[in-house]
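Novice: Have a look at this one before I ask anything.
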Amino acid sequence: MLAMIGKRLLFAIPSLIGVVIVTFLLTRALPGDPAAYFAGPAATKEAVDQIRKKLGFDKPLIEQFVRYTTDLAHGDLGSSLTTGQPVAAELRSRLPASAELTLLGLVVSIVIAIPLGVLAATRPGSWIDHLCRVTTTAGVSLPVFFTGLVLVYVFYFRLGWSPAPLGRLDVFTSAPPTVTGFYLIDALIARDFEAFRSALSQLILPAVTLAIFSLAPIARMTRASMLAVLASDFVRTARASGLSPGKVIVTYAFRNAMLPVITTLSMVFSFLLGANVLVEKVFAWPGIGSYAVEALIASDFAPVQGFVLTMAVMYVLLNLMIDILYGVIDPRVRLEG
């Protein structure tokens with residue numbers, strides 16, 4: 001297992017180097033001049049040139065890249081031109097908000113999608129099978145930002161059941177003392193149940209939005225994988241041996257059907273990290289996605305580069321966790337690794 005983990009980490013290094021190079025080049029290729037943006041529309045050419053020189057954008061591209069990678073090697077992601085704060089500090093403070101939202105959305109979708117896929121596979125042609133198909137079709141057809149806007153319109157504007165989509169807490173509630181950065185967990189640790197209620201009520205709509213988006217591929221893969229396993233010889237043998245249907249499904253079929261589902265979960269999580277950007281803008285969520293969008297609009301390179309690099313590192317770690325989980329479920333994976 002340790003050899004497999006080391007090999008996966010070794011293979012991840014060229015990917016991260018490629019991400020750094022591509023991100024740097026793409027940010028420089030984007031339209032817009034940061035110096036002109038921060039100088040203002042009334043600034044003279046001399047003032048713009050002076051700001052460009054101060055920011056170091058007058059240097060050759062290769063010199064800018066060497067300076068960027070040197071700072072990166074020392075753990076310095078640069079500073080945001082719009083806020084004046086170090087990018088690493090801002091990402092660190094905003095990452096828990098994005099992680100809490102993404103993980104809760106993924107958990108909600110797993111809790112619904114996997115049982116739905118299993119029931120649909122064990123009862124083909126039934127009403128629950130048709131419900132699974134309709135749900136998966138709707139989930140992949142609706143853009144995530146549209147789903148979020150519809151939920152806000154229905155549950156906040158029309159029914160008044162949900163609080164205003166304006167961040168992680170309502171305006172009358174103070175944030176709990178920071179321990180993990182996850183408001184639900186920190187509120188429970190501090191025994192601040194009012195903050196817990198407020199954080200949970202603010203989380204429900206954006207988490208459901210992400211869950212609807214991610215539910216479709218998980219349920220579809222669970223159903224397809226379970227159907228394939230249920231038709232296999234060893235399941236027919238288990239049934240012929242007189243084992244109960246529940247034991248056959250849970251002990252034999254479900255465990256063997258989980259590998260492709262876990263692969264789908266890793267892809268869905270990476271999709272959610274991207275979809276999170278749109279959801280955060282719809283719900284005014286103070287995460288790293290909205291931070292990157294605001295920086296991109298302002299042609300602020302450092303936060304955008306820091307955001308992409310953070311997402312790449314998280315994706316590599318996620319794939320490593322999936323490989324380890326593979327080895328736990330199927331020992332043959334450890335031998336191949």
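Novice: Any idea of the accessible area per residue across the stretch 87-334, 1.4 Å probe, to the nearest Å²?
Specialist: Numbers: 11870 Å² over 248 residues.
Ligands and nucleic acids excluded, the figure is 48 Å² per residue.
Novice: Name the residue, out of Phe11, Phe196, Phe283, whose mean-square fluctuation peaks in a Gaussian network model built on the chain with Cα pairs under 10 Å.
Specialist: Maximum among the listed residues: Phe11.
Novice: Nearest 10 degrees is fine. How inclined is helix 255-282 to the longest principal axis of the chain, computing both from alpha carbons?
Specialist: Once rounded, the angle reads 30 degrees.
Novice: Take every Cα pair under 8 Å in the stretch 87-334 that's 6+ residues apart, average their separations, divide by the length, and report that relative contact order as a whole percent. Don't skip to the end; give the middle numbers.
Specialist: Details: 295 pairs, mean separation 69.0, N = 248.
The value is 28 percent.
Novice: Check Ser79: other-chain or 5+ apart residues with amide H under 5 Å from its amide H, H built from backbone geometry?
Specialist: Amide H neighbours of Ser79, under 5 Å, 5+ apart: Val87.
Novice: Taking Kirkwood radius over Cα pairs in Å straight from the coordinates, which label in (i) 19.8; (ii) 22.4; (iii) 22.9 is the correct one?
Specialist: Correct label, based on the coordinates given: (iii).
Novice: Among Ala253, Ala219, Ala211, which one moves the most in a GNM of the chain with springs linking Cα atoms closer than 10 Å?
Specialist: It is Ala253.
Novice: What do you get for the angle between helix 45-55 and the principal long axis of the chain? Use alpha-carbon atoms, 0 to 90 degrees, nearest ten.
Specialist: The helix 45-55 is inclined about 60 degrees to the chain.
Novice: Leaving out same-chain residues fewer than 8 places away, which lysines sit with a Cα under 19 Å from that of Lys59?
Specialist: Straight-distance partners of Lys59: Lys45.
Novice: On to the next question. Given a 10 angstrom Cα cut-off, can you work out which residue in Ile204, Ile262, Ile17 is the most mobile in a GNM of the chain?
Specialist: Ile17
Novice: Now for a separate question. For the Cα atoms of the chain, what angle does the longest principal axis make with the long axis of helix 61-73, in degrees from 0 to 90, nearest 10?
Specialist: Compared with the principal axis, the helix lies near 60 degrees.
Novice: How large is ³J(HN,Hα) for each residue in the stretch 129-140, as worked out from phi by the Karplus curve 6.51 cos²θ - 1.76 cosθ + 1.60 (θ = phi - 60°), to whole Hz, x for Gly and Pro?
Specialist: Once rounded to whole Hz, the list reads 5, 5, 4, 4, 5, 5, 5, 5, 5, 5, x, 7.
Novice: So which chymotrypsin sites (Phe, Trp or Tyr not before Pro) in the stretch 39-105 pass both tests, a DSSP loop state and at most 16 other Cβ atoms within 10 Å of the Cβ?
Specialist: Phe57
Novice: Evaluate the distance, in nm, between pseudo-label points positioned 7 Å from the Cα of Leu159 and of Phe145 along their respective Cα→Cβ axes.
Specialist: 2.5
Novice: On a 1.4 Å probe surface of the protein chains, which of His74, His130 comes out largest in accessible area, and what is the full order? Let's see the in-between values first.
Specialist: Working: His74 150, His130 95 Å².
The ordering from most to least exposed comes out as His74, His130.
Novice: Suppose the chain between Ser270 and Val134 were pulled fully straight at 0.36 nm per residue; how much longer would it get relative to their current alpha carbon spacing?
Specialist: Contour length minus the Cα-Cα distance gives 46.6 nm.
The values are calculated or read from the model by the stated rules, or taken from the named source; none is laboratory data. If you're wondering where the values come from, they're calculated on a predicted model, not measured in any experiment. For neighbour counting, all protein chains shown are included, and Cβ atoms are generated from backbone atoms with ideal geometry for every residue, glycine included. When the accessible area is computed, the model is the full protein with side chains, heavy atoms only, and any ligands, DNA or RNA have been set aside. Shrake-Rupley method; radii C 1.70, N 1.55, O 1.52, S 1.80 Å.
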